[in-house]
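First up is the structure itself, then whatever we jot down about it.
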Amino acid sequence: MEPSPVTGGSETTRLVTPRDRGAAAGGLRLKSLFTEPSEPLPEEPKPVEMSFHHCHRDPMPQQGLTPERLQARRQLCAACAVCCVFMAGEVVGGYLAHSLAIMTDAAHLLADVGSMMGSLFSLWLSTRPATRTMTFGWHRSETLGALASVVSLWMVTGILLYLAFIRLLHSDYHIEGGAMLLTASIAVCANLLMAFVLHQAGPPHSHGSRGAEYTPLEEGPREPLPLGNTSVRAAFVHVLGDLLQSLGVLAASILIYFKPQYKAADPISTFLFSIFALGSTAPTLRDVLRVLMEGTPRSVGFEPVRDTLLSVPGVRATHELHLWALTLTYHVASAHLAIDAAADPEAVLAEASSRLYSQFGISSCTLQVEQYRPEMAQCLRCREPPKA
């Protein structure tokens, strides 16, 4: 039995008799013959980088953490180490000084440690690839980490506000002014160091209530302004609240050190600066809830995106326009484009995608191109959503 030569280098088998092989063969025998193809075997298909307007902003997905998130991880690790060391010092100092304000600051540092560790976990989780169940990947875990950071601060602050109120009602406590002053001074230095580590320098960062804004670029295709990592931003705001509280505790400790009869400054400073810490988290909480509710990104407007799509040659109408975000920096868009019969769908798709990427920093967009029909103007489902 021997293989029969066939094209493409494949192999078949047939019987070989003595007559076929001549007198030298004594019986039936099996012969294996591997034919060598006349042409080399085809190589494995290699991934081809599509043009950037195909469906993604980047030609090929990046493996692992992005440079921005690598920097965020380094910042969070450094700040977490500093926070652990000084938190232990504040617990000891607050116990020796019998100061609720110092213990309040230590509790806030404990909340900082928990939130930073949660943020580090979410950064690691966000590097996992997309699956058939989690089709967008794990990007939103970063937003959930920021939400956990804010919620933890609110819970701890609520408990400390209650304890401060109890101290204002009952004055049966004593405070060691010297130990309180020393511990408060160290706490201010620790918070300054953590704020320096977590601060995202440059124009993208803003301490205002609106945060960093992105303005559409009319001069031409350029990279959009980054907004900074959400977890680092939440941790930075968290540390700012602790820093301001530490300053208040320091002022109260100076007063108590020189005027022990004003020991009520300890719970009063806890009360006032805890409220301020709650207010400082409001911008971050608002942005996180906007992302989780799949609202239009703050830096991208519905009308500008719609007008940009309508300005593409060949586009007569647009509907089913949706804008949302997975994180503060990862924006997604989808829309239906109704085009003229004579328009080239591929050209329209390429031009529309290019404008969304370059002018609004959309990270991923899905555009459906269809032929325009007059009845679309009366379709209820094709109408634009009302203004909120």
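The values are calculated or read from the model by the stated rules, or taken from the named source; none is laboratory data. For clarity, every value in this text was computed on a predicted model and none was experimentally measured. Cβ atoms come from the backbone with ideal geometry, glycine included; neighbour counts cover every protein chain shown. Protein only, heavy atoms only, side chains kept; ligands, DNA and RNA dropped before computing areas. Shrake-Rupley method; radii C 1.70, N 1.55, O 1.52, S 1.80 Å.
If you take the Cα atoms of segment 78-202, find Rg, then find the Kirkwood Rh from the mean of 1/r over all pairs, what is Rg/Rh? Intermediate values should be presented prior to the final figure.
Details: Rg = 18.2 Å, Rh = 16.4 Å.
For segment 78-202, the value is 1.11.
Rank by packing, highest mean first: peptides 128-139, 87-98, with packing defined as the count of other Cβ atoms within 10 Å averaged across residues.
In decreasing order of mean packing, 128-139, 87-98 become 87-98, 128-139.
Projected area of segment 115-170, taken from the Cα convex hull and averaged over every viewing direction, in nm²?
Result: 4.3 nm².
Students often check this: by mean Cβ neighbours within 10 Å, which of 164-174, 268-278 ranks highest, and how do the rest follow?
Numbers: 164-174: 11.8, 268-278: 20.7.
Peptide ranking by packing, descending: 268-278, 164-174.
On the protein heavy atoms, probe 1.4 angstrom, tell me the percent of accessible surface of segment 274-335 carried by carbon and sulfur.
In segment 274-335, the share of accessible area belonging to carbon and sulfur is 61 percent.
What FRET efficiency, computed as 1/(1 + (r/R0)^6) with R0 = 45 Å and r the Cβ-Cβ distance, is obtained for GLU384 and VAL151, rounded to the nearest 0.05?
0.80
Let me check the size of segment 302-378 from its C-alpha atoms; what are the radius of gyration and Dmax in Å?
In order Rg, Dmax, the Cα atoms of segment 302-378 give 12.3, 39 Å.
Ordered by residue, what ³J(HN,Hα) values in Hz, to whole numbers, does segment 265-280 give under the Karplus form 6.51 cos²θ - 1.76 cosθ + 1.60, where θ = phi - 60° and Gly and Pro are x?
Whole-Hz 3J(HN,Hα) from phi for segment 265-280: 4, 5, x, 5, 5, 4, 5, 5, 7, 5, 5, 5, 5, 5, x, 5.
Would you mind telling me the antiparallel percentage of the DSSP bridges in segment 310-367, rounded to 5?
Among the beta bridges of segment 310-367, antiparallel pairing accounts for roughly 65 percent.
Pop out the ³J(HN,Hα) list for segment 337-349 in order, Karplus 6.51 cos²θ - 1.76 cosθ + 1.60 with θ = phi - 60°, rounded to Hz; leave Gly and Pro as x.
After applying 6.51 cos²θ - 1.76 cosθ + 1.60, I find 10, 8, 10, 5, 5, 8, 6, 8, x, 5, 5, 5, 4 Hz.
Enumerate the amide H contacts of LEU321 below 5 Å, restricted to partners 5 or more residues apart or on another chain; note that Pro and chain-start residues carry no placed amide H.
Sorted by chain and number, the residues that satisfy this are HIS336.
Quick one: Karplus J couplings for segment 70-81, per residue in order, coefficients 6.51, -1.76, 1.60, θ = phi - 60°, nearest Hz, x for Gly and Pro?
4, 5, 4, 5, 5, 5, 5, 5, 5, 5, 5, 5
Using alpha carbons only, what's the Rg to Rh ratio of segment 253-374 with Rh from Kirkwood?
Values: Rg = 25.2 Å, Rh = 17.8 Å.
Across segment 253-374, the Cα-based Rg/Rh ratio is 1.42.
Collect residues whose amide H, placed 1.01 Å from N in the peptide plane, falls under 5 Å from the amide H of ARG316; neighbours closer than 5 in sequence don't count.
When sequence neighbours closer than 5 places are left aside, the close amide H contacts are ALA338, ILE339, ASP340.
What residues qualify as long-range amide H neighbours of CYS365, i.e. H under 5 Å apart, gap of 5 or more or another chain, H built at 1.01 Å from N?
ALA333
Going by average Cβ neighbours within 10 Å, how do the peptides 286-293, 342-349, 374-381, 78-85 rank, with the highest at the top?
78-85, 286-293, 342-349, 374-381
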